[in-house]
Amino acid sequence: MSYDLIVIGTGPGGYVCAIRAAQLGLKTAVVEKNPTFGGTCLNIGCIPSKALLHASELFEEAAHAFPKMGIGVGTPKLDLGAMMKFKDEGVAGNVNGVAFLLKKNKIDTFQGTGKVLGAGKVEVKGADGKTQTLETKSIVIATGSDVTRLKGVDIDEKRIISSTGALTLDKVPGKLLVVGAGVIGLELGSVWRRLGAQVQVVEFLDRILPGMDSEVARQFQRILEKQGMTFKLGAKVASVDTSGKRLKAQVEPAAGGAAETVEADVVLVAIGRVPYTENLGLKEAGVALDTRGRVNVDPHFATSVPGIYAIGDVIAGPMLAHKAEDEGVAVAEILAGQAGHVNYDVIPSVIYTYPEVASVGKTEDELKQAGIAYNAGKFPFTANGRAKVNMQTEGFVKILADAKTDRVLGVHIVGPDAGNMIAEAAVAMEFGGAAEDIARTCHAHPTLTEAIKEAALAVAKRAIHM
Ligand SMILES: Cc1cc2nc3c(=O)[nH]c(=O)nc-3n(C[C@H](O)[C@H](O)[C@H](O)COP(=O)(O)OP(=O)(O)OC[C@H]3O[C@@H](n4cnc5c(N)ncnc54)[C@H](O)[C@@H]3O)c2cc1C
C-alpha cells in the first residue's frame, strides 16, 4: 500500500490535516489506535467537557436564575445518568461526524498503533497483534498528549481521577479536591461544584491560570470564590492516602514547611498534559525530541528526519484543539506545495466556565516585561445593557493597543459568552487592526459585543457608556 501522506493520530490535528491533504489531491491515509476517531478533543476532552459544562450551567441557572425571571420550575433534580448519556450522545455525534468526513474525502483508515519505521514507512499493529507495513512519501505525527501524572499519587480513575475520570463519575462527590488551577481543573471543578460537590483547588503557584493576564486571573478567582470554590495557592499535594473511606491528601506549602491533611472523596489531578510519543519508534527512526519530550520541528513542521512532520499537542506551543487544526491545515498545504502558515500571535484561548474567560494576543504582564508601550481600554459588563438585562454583569473586556500605532496587541475578556466574542478580536488582530478600527465598527445593539467596542473606545479614553 503506498500513499502520498500517512497521518498517525486522528485528533483535531490529524483528521483536519488528512482532510486538507485529500482536498489538495494527496492520496492520504490515517492510522488511529483508538476505536473511534477525533482524539482527545472529541472523545475525552473539549467535547465531553463542554457538554457537561453546558448541562451543569443550565442546572444551576434553573435553580438560581429562573425564579428571578418568573420561571417556576421548582427545585431542579439531577439525573446524573441521563446527563452522562446526553454527554455521550454528543461525543458519538462528533466522532461519527469525523468518520463520515474521512470517508467522504476518500481517506483510507487503519485501526491500530502506528509506528514509524523510518522515512516513508509506517507499521500498523492491530488489536489482534497482526502488523502491516504501509509506504508513503510523507508522514505526519499527530499523536497528541496524555495526562501528566503526579508523583506519589496513583490515578485509578475512580477516587483519584484525571480529566478522563472526571467526565464519567457515577455520583457527585461530597468533596472534590482539584490539584492544579489551570483550565481543565477549573472547568471540571466548576461542573462538579454546580452539581453539588464542595470543590477545593490546590495550586503550586501563587495565582490561578498561569500564563493568562494576571488581572483577569485575579478577578476570575474572586468570581469563582463567590460561587463557592475555594483555593489554596502556593501549595502542593505531596501524597494521597487511599486506605480509609475518605481520601487524605497531604498538602504542603510550595516553599516548604509543615504539611496539612485535607480530606476529600475524590481527588482530580489536573496539572497539565505531556506529549504522547509512546511506541512510535521515534528514537529508532532518528526523530529528535526536545528536553520536554516534544517532537522537535522547524517552522514548516519538519522533524529532524526528512519526510517526517509533526503537529498538534505533540509539538511545542499551546495545547489547544484549534492550534492543532491550523497546524494540520498548514502542513498539508506545505506538502502540496503551497505556503501553509500558522500565526502563533493570534491563537485565542478560552475557559468555558461561567462566566467564560477568553483571550488572544499579549497579556499586560508580557507587554510590561517586553518593555512595549501600550494603552489599555477597559469596559465592565455592569455597563453593558444586554448583560444588565440578562443579569450577567460579572467581568470586563480589556483591549491592549500599541501606544504609538494603536495596533491591537491583546484582548482579554471575562464575561458571558467571552469564548464566542473573542473571535472578533482575533479577526481584527489577524488583519493588523487598530483599537480605532474596532471602535469605529458598528456593533449591533443590544449585544454583549458592544462591550468590545466600548473597550476599544476606552483605549482612547472616550468610552460612551462609562
Ligand atoms: C478535559 C479536556 C478538555 C479540553 N478542552 C479543550 C477545549 O475546550 N478547547 C481546546 O482547544 N482544547 C481543549 N483541550 C485540549 C485538546 O483536546 C487538545 O489540544 C487536542 O486534542 C490536541 O489535538 P491533537 O490532534 O494534537 O491530539 P489528540 O487529540 O490528543 O489526538 C491524538 C490521537 O492520536 C492517537 N494516537 C496516539 N499514538 C498513536 C499511535 N502510535 N498510533 C495511532 N494513533 C495514535 C490517539 O489515540 C489520539 O486519537 C482539552 C483537553 C482535555 C483533556
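Just to confirm my filter: which strands (runs of 3 or more DSSP E) fall fully inside segment 184-280 and include at least 1 residues that are more than 27 Å from residue 315 (Cβ to Cβ)?
Values: elements: 198-203, 230-233, 235-241, 247-253, 260-264, 266-269, 273-275.
Ranges flagged: 198-203, 230-233, 235-241, 247-253, 260-264, 266-269.
If we scan segment 109-131, do we find a residue that is closer than 20 Å to residue 78 by Cβ and among the aromatic types (Phe, Trp, Tyr)? Steps first, please.
Taking segment 109-131 and keeping what is closer than 20 Å to residue 78 by Cβ, we get none.
No; the residues of segment 109-131 include none that is closer than 20 Å to residue 78 by Cβ and among the aromatic types (Phe, Trp, Tyr).
Name the pairs: first residue in segment 305-320 and at pLDDT below 95 and part of a strand (DSSP E or B), second residue more than 9 Å from the ligand (Cβ to nearest atom) and charged (D, E, K, R), Cβ to Cβ under 6 Å, at least 6 apart or on different chains?
none
Could you check, for segment 363-377, whether at least one of its residues is touching a Ser or Thr at 6+ places or on another chain (Cβ under 8 Å), open to solvent by 40 Å² or more (accessible area, probe 1.4 Å) and modelled with pLDDT of 95 or more?
Initial filter on segment 363-377 (touching a Ser or Thr at 6+ places or on another chain (Cβ under 8 Å)): 363-365.
Narrowing further to those that are open to solvent by 40 Å² or more (accessible area, probe 1.4 Å): 365.
Still in the running and modelled with pLDDT of 95 or more: 365.
So far as segment 363-377 goes, yes, one or more of its residues are touching a Ser or Thr at 6+ places or on another chain (Cβ under 8 Å), open to solvent by 40 Å² or more (accessible area, probe 1.4 Å) and modelled with pLDDT of 95 or more.
Could you tell me whether any residue of segment 163-172 is part of a loop (DSSP other than H, G, I, E, B) and within 11 Å of the ligand (Cβ to nearest atom)? Show your work before the answer.
Initially, segment 163-172 is screened for residues part of a loop (DSSP other than H, G, I, E, B), giving 167-172.
In the following step, the residues that additionally are within 11 Å of the ligand (Cβ to nearest atom) were identified as 167.
Taking every residue of segment 163-172 in turn, at least one turns out to be part of a loop (DSSP other than H, G, I, E, B) and within 11 Å of the ligand (Cβ to nearest atom).
What is the residue count in segment 21-38 for residues that are more than 9 Å from the ligand (Cβ to nearest atom) and either surrounded by 24 or more Cβ atoms within 10 Å (Cβ to Cβ) or not in a helix (DSSP H, G or I) (or both)? Full working, then the answer.
Going through segment 21-38, the residues more than 9 Å from the ligand (Cβ to nearest atom) turn out to be 21-29, 35.
Retained after the next criterion (residues that are either surrounded by 24 or more Cβ atoms within 10 Å (Cβ to Cβ) or not in a helix (DSSP H, G or I) (or both)): 21, 24-29, 35.
Final tally of qualifying residues: 8.
How many of the residues making up segment 426-448 are in contact with a helix residue (DSSP H, G or I) (Cβ under 9 Å, 6 or more places away or on another chain) and either open to solvent by 40 Å² or more (accessible area, probe 1.4 Å) or touching a residue at least 40 places away in the same chain (Cβ under 8 Å) (or both)? Explain how you work it out, then say what you get.
Let us first name the residues in segment 426-448 that are in contact with a helix residue (DSSP H, G or I) (Cβ under 9 Å, 6 or more places away or on another chain), namely 428, 431, 433-448.
Still in the running and either open to solvent by 40 Å² or more (accessible area, probe 1.4 Å) or touching a residue at least 40 places away in the same chain (Cβ under 8 Å) (or both): 431, 435-437, 440-442, 444-448.
The total comes to 12.
Within segment 40-49, can one find any residue that is in a helix (DSSP H, G or I), at pLDDT 95 or above, of a type in the set (Val, Ile, Thr) and more than 10 Å from the ligand (Cβ to nearest atom)?
Of the residues in segment 40-49, the ones in a helix (DSSP H, G or I) are 40-44, 46-49.
When the remaining residues are screened for being at pLDDT 95 or above, the result is 40-44, 46-49.
So of that shortlist, the ones also of a type in the set (Val, Ile, Thr) come out as 40, 44, 47.
With more than 10 Å from the ligand (Cβ to nearest atom) added as a condition, the list becomes none.
No, segment 40-49 contains no residue that is in a helix (DSSP H, G or I), at pLDDT 95 or above, of a type in the set (Val, Ile, Thr) and more than 10 Å from the ligand (Cβ to nearest atom).
Based on this model, can you work out whether residue 423 counts as assigned to a helix (DSSP H, G or I), of a type in the set (A, V, I, L, M) and open to solvent by 10 Å² or more (accessible area, probe 1.4 Å)?
The answer is yes for residue 423.
Please enumerate the residues belonging to segment 96-109 that are surrounded by fewer than 20 Cβ atoms within 10 Å (Cβ to Cβ) and within 12 Å of the ligand (Cβ to nearest atom). Give the steps one after another, and end with the answer.
If we filter segment 96-109 for residues that are surrounded by fewer than 20 Cβ atoms within 10 Å (Cβ to Cβ), which is where we start, we get 96-97, 99-101, 103-106, 108-109.
Of everything in segment 96-109, just one residue is surrounded by fewer than 20 Cβ atoms within 10 Å (Cβ to Cβ) and within 12 Å of the ligand (Cβ to nearest atom), namely 109.
The values are calculated or read from the model by the stated rules, or taken from the named source; none is laboratory data. Values in this document were obtained by computation on a predicted structure and should not be read as measured data. Positions of Cβ are backbone-derived with ideal geometry, glycine not excepted, and every protein chain shown enters the neighbour counts. Remember, those area values only see protein heavy atoms, side chains included, never the ligands or the DNA or RNA. Shrake-Rupley method; radii C 1.70, N 1.55, O 1.52, S 1.80 Å.
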